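Let me begin by presenting the structure, written as structure tokens, before commenting on it.
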Amino acid sequence: MVERVGPSPGLGLTSERARARMLDALRAQGVRDEVVLGAMLAVPRHAFIDSGLASRAYEDVALPIGQGQTISKPSTVARMLENVVRGRSAAALREARVLEIGTGCGYQAAVLAHVFGEVISVERVRSLHEAARTHLRPLRLSNLRLAFGDGHQGMQAQSPYDSIVVAAAGEAIPEPLLLQMQVGGRLIAPVQNADGAGQALHQVDRTDTDHWALTVLDAVRFVPLRRGTR
Ligand code: SAH
């Protein structure tokens, strides 16, 4: 099946070819996980961004999605998800439930829906939440639910989660998220460094009811995790 990128026929690349190239670039950067790569091959990133930027959809860049927010660059999404899925089989992931904080345009939520059995994604900016709904509708991902709210509270109703992915950087990981995670579960979140300079990706594994193990991963750059809704 051949599908054109966005509304601009002059682009000359089908989105499938562009996505295959994006995968080559991700592999060249060291992304190895076939479950993650397969999911990124399946999701049309151009469908989540403004048509004026569609020609850049498969470059490894963050792009504006309105309200001062950005769609994370493909290599960042891949790296986050590789950390989330590490050590778990594709079959186990198909049985697992994941919570995403920061739906943004909905791209990463769609990728997660190709990996996990069930996805719940929360966004605090109403217009982005609604735009994500519009972007996702044609993809008919019946295992993905979008919620509007402040992700600091997590989403108690559907907890516990096997995995939690946070797409915005806070000063600390909100406690409700740690509590809504299953024992054996893993959370991946960008966190601002204590000195205020820069951010690092934090991995937290819930090893027991009352024990969480922190691993600090790579330096990253995400938009800030903010309080309240608007
Ligand atoms: N996963 C997104 C990345 C969006 S950027 C994508 O694929 O495009 C991060 C998003 O987190 C922004 O949309 C921002 O509004 C949202 N955000 C920031 N603080 C939040 C909070 N407390 N609760 C929910 N969403 C939040």
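Every test in (1) assigned to a strand (DSSP E or B); (2) open to solvent by 60 Å² or more (accessible area, probe 1.4 Å) is passed by R230 save one, and that test is (1). The set of residues in the stretch 175-218 being touching a Gly at 6+ places or on another chain (Cβ under 6 Å), free of Cβ contacts under 8 Å to residues at least 40 places away in the same chain and either assigned to a strand (DSSP E or B) or open to solvent by less than 30 Å² (accessible area, probe 1.4 Å) (or both) consists of R206 alone. Taking the stated definitions as given, is V119 touching a Lys or Arg at 6+ places or on another chain (Cβ under 8 Å), at pLDDT 95 or above and within 14 Å of the ligand (Cβ to nearest atom)? Spelling it out, V119 is indeed touching a Lys or Arg at 6+ places or on another chain (Cβ under 8 Å), at pLDDT 95 or above and within 14 Å of the ligand (Cβ to nearest atom). Within the stretch 53-105, track down each residue that is part of a strand (DSSP E or B) and either near the ligand (Cβ under 10 Å from one of its atoms) or closer than 17 Å to R19 by Cα (or both). Residues satisfying the conditions are L63, I65, G66, Q69, T70, I71, E100, I101. Taking P160 as the residue in question, decide whether it is over 18 Å from the mean Cα position of the chain (by Cα) and either at negative phi or surrounded by fewer than 22 Cβ atoms within 10 Å (Cβ to Cβ) (or both). So P160 passes the test. Note on the stretch 42-52: among residues that are farther than 18 Å from R140 by Cβ and within 13 Å of the ligand (Cβ to nearest atom), the one that is surrounded by the most Cβ atoms within 10 Å (Cβ to Cβ) is I49.
Any residue in the stretch 23-41 that is within 16 Å of the ligand (Cβ to nearest atom) and touching a Phe, Trp or Tyr at 6+ places or on another chain (Cβ under 9 Å)? No: zero hits. If we scan the stretch 114-137, do we find a residue that is in contact (Cβ under 8 Å) with a residue 24 or more places away in the chain, under 24 Å from A197 (Cα atoms) and open to solvent by 20 Å² or more (accessible area, probe 1.4 Å)? No, because not a single residue in the stretch 114-137 is in contact (Cβ under 8 Å) with a residue 24 or more places away in the chain, under 24 Å from A197 (Cα atoms) and open to solvent by 20 Å² or more (accessible area, probe 1.4 Å). R221 satisfies every condition listed in (1) exposed (fewer than 14 other Cβ atoms within 10 Å of the Cβ); (2) of a type outside the set (A, V, I, L, M, F, W, C); (3) within 16 Å of the chain's Cα centre (by Cα); (4) at pLDDT 95 or above except (4). In the stretch 74-91, of all residues being among the β-branched types (V, I, T) and under 10 Å from Q108 (Cβ atoms), the one that is least open to solvent (accessible area, probe 1.4 Å) corresponds to V77.
The values are calculated or read from the model by the stated rules, or taken from the named source; none is laboratory data. This structure is a prediction, so every number in the text was calculated from the model and none was measured. Don't worry about glycine lacking a Cβ; one is built from the backbone with ideal geometry, like all the others, and counts go over all protein chains shown. Quick note on the areas: whole protein, heavy atoms, side chains included, nothing else; ligands and nucleic acids left out. Shrake-Rupley method; radii C 1.70, N 1.55, O 1.52, S 1.80 Å.
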